[in-house]
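Accompanying notes for the structure given below.
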Amino acid sequence: MESDLGLAGAVVLVTGGVRGVGRGITRVFQVCGAHVVTCARREPEEPAGEFIACDVRDPDQVSALIGRVVDEHGRLDVVVNNAGGSPFASAAEASPRFHDKIVQLNLLAPLLVAQQANAVMQRQDGGGSIVMISSVSATRPSPGTAAYGAAKAGLDNLTASLAVEWAPKVRVNALDVGMVRTEQAHLHYGSDVAAVGKTVPLGRLAEPEEVGRCAAFLASPLASYVSGATLKVHGGGEVPAFQAAADVNREGQ
């Protein structure tokens, strides 16, 4: 399937593309035949794609990153803004500095990377595509990660705004991603990840590559008329909590 997406030879930047969901995204674009550049603050033990160290919260480092990609490859076709995340913290007890860092990483950094990428893509005949990796936390309560959920809600709105401002040369879309089975899934969901997966209508957590395929589709020519969209990648979402307690008409169903 991936070989049919029309991404062969494309130059793709995946922020935070060295582990977890980001690594799955990187793998999918590589299978598509794209040249993938990944970035993170520290070089991983097992790099995926071409690696450039960058703190995406730092304007100077982001400018250097985008400049180096263009200098070495002549263009930048796709950016996947994947870097993000948050540890668990009570909103009542977390410090203002903590909240500031979470919003900076999950909202302001994607805007910064997108700005720099857009400046390049607007000059290219073929324009470009930007995919924001957002979260289902943008559209539902996010207890324990309140600042993260608020930042992701902002990211979804930002996606729609940039799609209007930067059209027609640059398409901007987002994925609202649900629970994913990564190497650190146990830190978020506990020791019985399979049991957590059963709360999802499809009966399991997503694999990182499944998120990657959705990102590749939105970035590809197959989605050439899709911009300003937010695609839910959550396995059907969450079963309504009331159903566990409701017993009306349960017999015989």
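The values are calculated or read from the model by the stated rules, or taken from the named source; none is laboratory data. Keep in mind it's a predicted model, so treat the numbers as computed, not measured. Don't worry about glycine lacking a Cβ; one is built from the backbone with ideal geometry, like all the others, and counts go over all protein chains shown. Heavy atoms of the whole protein, side chains included, go into the accessibility calculation; ligands, DNA and RNA do not. Shrake-Rupley method; radii C 1.70, N 1.55, O 1.52, S 1.80 Å.
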Inset, instruction - Give, rounded to the nearest 20 debye, the magnitude of the charge dipole that the chain has about its Cα centre when Lys and Arg contribute +1 at Cβ and Asp and Glu contribute -1 at Cβ. - result: 280
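What net charge do the residues around Val103 carry, taking every other residue with its C-beta under 13 Å from that of Val103, with Lys and Arg at +1 and Asp and Glu at -1?
In short, +3.
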Inset, instruction - Identify, among Trp166, Ser191, Val37, the residue whose Cα sits farthest towards the positive end of the charge dipole of the chain, taking +1 on the Cβ of Lys and Arg and -1 on the Cβ of Asp and Glu, with the dipole about the Cα centre. - result: Trp166
Legend entry - Solvent-accessible surface ranking, highest first, for Tyr225, Tyr189 at 1.4 angstrom: Tyr225, Tyr189
Inset, instruction - List the longest stretch of the chain that has no exposed loop site; here a site is one of the GluC sites (Glu not before Pro) assigned by DSSP to anything other than H, G, I, E or B, with at most 12 other Cβ within 10 Å. - result: 94-182
Legend entry - Under the Karplus curve 6.51 cos²θ - 1.76 cosθ + 1.60, θ = phi - 60°, whole-Hz ³J(HN,Hα) for region 227-236, x wherever Gly or Pro sits: 8, x, 9, 10, 9, 7, 10, 9, x, x
Inset, instruction - Starting from the Cα of Lys232, draw a straight line to each of the lysines and keep only those under 18 Å, dropping any in the same chain fewer than 8 residues away. - result: Lys152
Inset, instruction - Can you send over the solvent-accessible area of Phe242, 1.4 Å probe, protein chains only, in Å² to the nearest 10? - result: 130
Inset, instruction - Would you kindly find the accessible area of Ser90, with a 1.4 Å probe and non-protein molecules such as ligands, DNA and RNA excluded, rounding to the nearest 10 Å²? - result: 50
Legend entry - Rounded if a/c under 1.5, otherwise prolate or oblate - the chain, Cα gyration tensor axes: prolate
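Averaging sequence separations of C-alpha pairs under 8 Å and six or more residues apart, then dividing by the length of region 76-197, give the relative contact order as a whole percent.
Once divided by the residue count of region 76-197, the mean separation gives 29 percent.
Can you give the net charge of the other residues whose Cβ lies under 13 Å from the Cβ of Asn157, counting K and R as +1 and D and E as -1?
-2
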Legend entry - Label-to-label distance, nm, for residues given as Ala194 and Arg75 (7 Å Cα→Cβ offset): 4.7
Inset, instruction - Could you work out the relative contact order of the chain, using alpha carbon pairs under 8 angstrom and six or more residues apart, expressed as a whole percent? - result: 20
Inset, instruction - Leaving out ligands and nucleic acids, note down the accessible area per residue over region 30-175 with a 1.4 angstrom probe, in whole Å². - result: 46
Inset, instruction - Using the 4.7 Å Cβ rule, please list in number order the cysteines from the chain without any candidate partner. - result: Cys32, Cys214
Inset, instruction - Identify the residues of region 134-158 with backbone N under 17 Å of a label point that sits 7 angstrom from the Cα of Ala244 along the Cα-to-Cβ direction, or state none. - result: 141-144
Inset, instruction - When a/c is below 1.5 the answer is rounded, else prolate if a/b is larger than b/c, else oblate, so apply that to region 132-186 with a ≥ b ≥ c taken from the square roots of the Cα gyration tensor eigenvalues. - result: oblate
Inset, instruction - Please compute the net charge surrounding Val113, taking Lys and Arg as +1 and Asp and Glu as -1 over other residues with Cβ under 15 Å from its Cβ. - result: -1
Inset, instruction - Enumerate the calculated ³J(HN,Hα) couplings along region 117-127 in order (Karplus 6.51 cos²θ - 1.76 cosθ + 1.60, θ = phi - 60°), each rounded to whole Hz, writing x wherever the residue is Gly or Pro. - result: 5, 4, 4, 6, 5, 5, 8, 8, 4, x, x
Inset, instruction - Could you work out how far apart the two model spin labels at Ala229 and Ser95 are, taking each label as a point 7 Å from the Cα in the direction of the beta carbon, and quote it in nm? - result: 4.3
Inset, instruction - Please return the longest stretch of the chain lacking exposed loop sites, where trypsin sites (Lys or Arg not before Pro) count only if DSSP places them in a loop and at most 10 other Cβ atoms lie within 10 Å. - result: 43-249
Legend entry - Carbon and sulfur %, accessible surface of the chain computed with the full protein complex present, 1.4 Å: 53
Legend entry - In sequence order, calculated HN-Hα J values of region 192-206 (Karplus, 6.51, -1.76, 1.60; Hz; x Gly/Pro): 9, 5, 4, 5, 5, x, 5, 7, 8, x, 7, x, 6, 7, 6
Inset, instruction - Return the calculated 222 nm mean residue ellipticity for the chain, to the nearest 500 deg cm²/dmol, obtained by summing -39500 (n - 2.57) across DSSP H runs with n ≥ 4 and dividing by the residue count. - result: -11000 deg cm²/dmol
Legend entry - Long-range HN-HN contacts of Ala83 with modeled amide H, under 5 Å: Thr15, Gly16
Inset, instruction - Kindly express, to the nearest 10 degrees and within the range 0 to 90, the angle between helix 20-31's C-alpha long axis and the longest C-alpha principal axis of the chain. - result: 50
